[in-house]
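I have placed the structure first, in the form of structure tokens, so that the comments after it can refer back to it.
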Amino acid sequence: MPQRILTRILALTIVALFAVTEVKAQDYIPKEKTIGIEAGYNSKNQSALAGIAFSYRFSHHFRLAPNVQYVFNNKNIDGFSINIDAHVPFGLKNTPVELYPIAGVNYSMWNNKAELFDQDFNNDVSTRQSNFGLNLGGGVGMKFSAHLRLFVEGRYTFVRHFSTAMVSAGIVYSF
């Protein structure tokens, strides 16, 4: 699926979710911290990704959420990214569900492996590009207990030469 179509679907889904929801004060736990794992899909090389997610809630409506993700090799491209995102969570009325927009900064390292067909004995060449970028997206989280939460996020990362759309889901432990 082309990257533009994925981006448009993601943006329309986020806008639709925010348009049809009623906002309530989410059960707020002061200084709540979470740590967990995530898995998903990256559109740049059409591959799976895996990561570790952490968050720290400063107030009712502000949470800082750094994460680290590895994008598995496909089409001779793999990657590693470090994200520091800000979430602005708000809950749905009478449910354990919260919605949140995502904005943040990104540092990505992409590895492009290409084969050269010459007479050199070393025919595997690897090039790595590293760049800073920006993240925009949205997410949905659901509390299952006082210490367990599931989430689904969609994010577009604007990085020079390696902009990509990502969809991920994960489970985190809250403490």
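Annotations
- Based on protein heavy atoms only, the range 33-175 ends up with 51 Å² per residue of surface accessible to a 1.4 Å probe.
- A straight chain from N76 to F175 at 0.36 nm per residue would run longer than the Cα-Cα distance by 31.7 nm.
- A Förster radius of 35 Å combined with the Cβ-Cβ distance from E32 to N131 puts the calculated FRET efficiency at roughly 0.60.
The values are calculated or read from the model by the stated rules, or taken from the named source; none is laboratory data. What you see is a predicted model; the values in this text were computed from it and never measured. Here Cβ is always computed from backbone atoms with ideal geometry, including for glycine, and neighbour counts include all displayed protein chains. SASA here: full protein model, heavy atoms, side chains in, ligands and nucleic acids out. Shrake-Rupley method; radii C 1.70, N 1.55, O 1.52, S 1.80 Å.
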